[in-house]
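Trainee: What follows is a single structure, and I will ask about it in a moment.
The values are calculated or read from the model by the stated rules, or taken from the named source; none is laboratory data. This is a predicted model, so every value here is computed, not measured. So basically every Cβ, Gly included, is an ideal-geometry build from the backbone, and we count neighbours across all protein chains shown. These accessible areas exclude ligands, DNA and RNA; they are computed on the full protein's heavy atoms, side chains included. Shrake-Rupley method; radii C 1.70, N 1.55, O 1.52, S 1.80 Å.
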Amino acid sequence: MLNDIFLMYRNGEIIPFVILAFVSVGYIIIFEKFILLQFVYRINFEKFNSTIKKMLAANDMERARSFTKATSKTAVPMLTLKAINAYENDPMRVRATVSEESLRFFPRIRRRINQLPNLAAACVLLGAIAAVQGIWTSFRMVEGLELGVKSFAFSTGLSHALLPLAISLVSAVLLMLPFGILDAIAWRLESEMEHSLCVVLNILSPEMQPMFTGGAPSSGNQEEASDNYSRGNSDNDNVERAESKGKKDDSSDPGLQEVPDEEEII
């Protein structure tokens, strides 16, 4: 089988060379992402978390900044440096800054990794197309031949037609195995980075409700306004009660009754 595969490449058939090109592109992506995930983005997260936690808890921002720059210029140290700068400028913008930078950086971890299944599927489809074409060619070759020669020619053509399919399946396996490994490495790296960012955010920006002093009134002003409103209503009620009571007293006082005219007396 291997001799037949090498013979196909020696004869210069197109489909095997296209499959080989896809596999070559896939392994360029595999080596690139493996180097990035293992030697560029990955750091000693346990040591980094403990050290940066002590520095931030002591409010030693200069040492924390120099420590992040010395550790790495990308990944979690870069995001931590952004958080420190945002904390010194505006502490209320720390979470927003970290969220924006994280959404910009995290897609880089899996960039081009998801292209490996596409390359594997393309290899399989090309091998299947080449196999169908080879089988069709074998059927046409045996037309008009004698029975003994026909069976020999058909078996030879069929075995040759299945070689591109075998090459494509082997290529798909060689692409999908590294894809599973890289996907597991990326998933673990993302979880460790999220934990480190949680450690930084819990110190620089703990959970708290924002104080809005501009547009809407504060709670103290609302309480004062409600007290004034209730006090004004109670004063108005007292005034109305006093007026109604005065009217009743005036009507009940006999000295203040109307004096009849002389004509009425007569």
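Okay, residues lined up against (1) of a type in the set (Gly, Ala, Ser); (2) closer than 28 Å to residue 67 by Cα:
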| site | (1), (2) |
| --- | --- |
| 79 | no, yes |
| 85 | no, yes |
| 97 | no, yes |
| 103 | no, yes |
| 106 | no, yes |
| 109 | no, yes |
| 113 | no, no |
| 120 | yes, no |
| 124 | no, no |
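Trainee: Has segment 23-39 got at least one residue that is assigned to a helix (DSSP H, G or I), in contact with a Pro (Cβ under 9 Å, 6 or more places away or on another chain), at pLDDT below 90 and open to solvent by less than 80 Å² (accessible area, probe 1.4 Å)?
Mentor: no
Trainee: Okay, moving on. Which residues, taken from segment 59-84, are under 24 Å from the mean Cα position of the chain (by Cα), farther than 18 Å from residue 202 by Cβ and not basic (Lys, Arg)?
Mentor: Correct list: 72, 74, 75, 78.
Trainee: Within segment 76-102, can you find the residues that are open to solvent by 60 Å² or more (accessible area, probe 1.4 Å) and among the aliphatic types (A, V, I, L, M)?
Mentor: Listed by number, the list holds a single entry, 92.
Trainee: I've got another one for you. I'm told residue 73 meets every condition in (1) surrounded by fewer than 12 Cβ atoms within 10 Å (Cβ to Cβ); (2) of a type in the set (D, E, K, R); (3) modelled with pLDDT of 90 or more except one. Can you identify the failing condition by its number?
Mentor: (3)
Residues are listed down the side, and each one gets a yes or a no for (1) open to solvent by 40 Å² or more (accessible area, probe 1.4 Å); (2) assigned to a helix (DSSP H, G or I):
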{"site": "48", "(1), (2)": "no, yes"}
{"site": "52", "(1), (2)": "no, yes"}
{"site": "59", "(1), (2)": "yes, no"}
{"site": "63", "(1), (2)": "yes, yes"}
{"site": "118", "(1), (2)": "yes, yes"}
{"site": "124", "(1), (2)": "yes, yes"}
{"site": "131", "(1), (2)": "no, yes"}
{"site": "138", "(1), (2)": "no, yes"}
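Trainee: For residue 13, indicate whether it is over 30 Å from residue 161 (Cα atoms) and acidic (Asp, Glu).
Mentor: No; evaluated as a whole, the condition is false for this residue.
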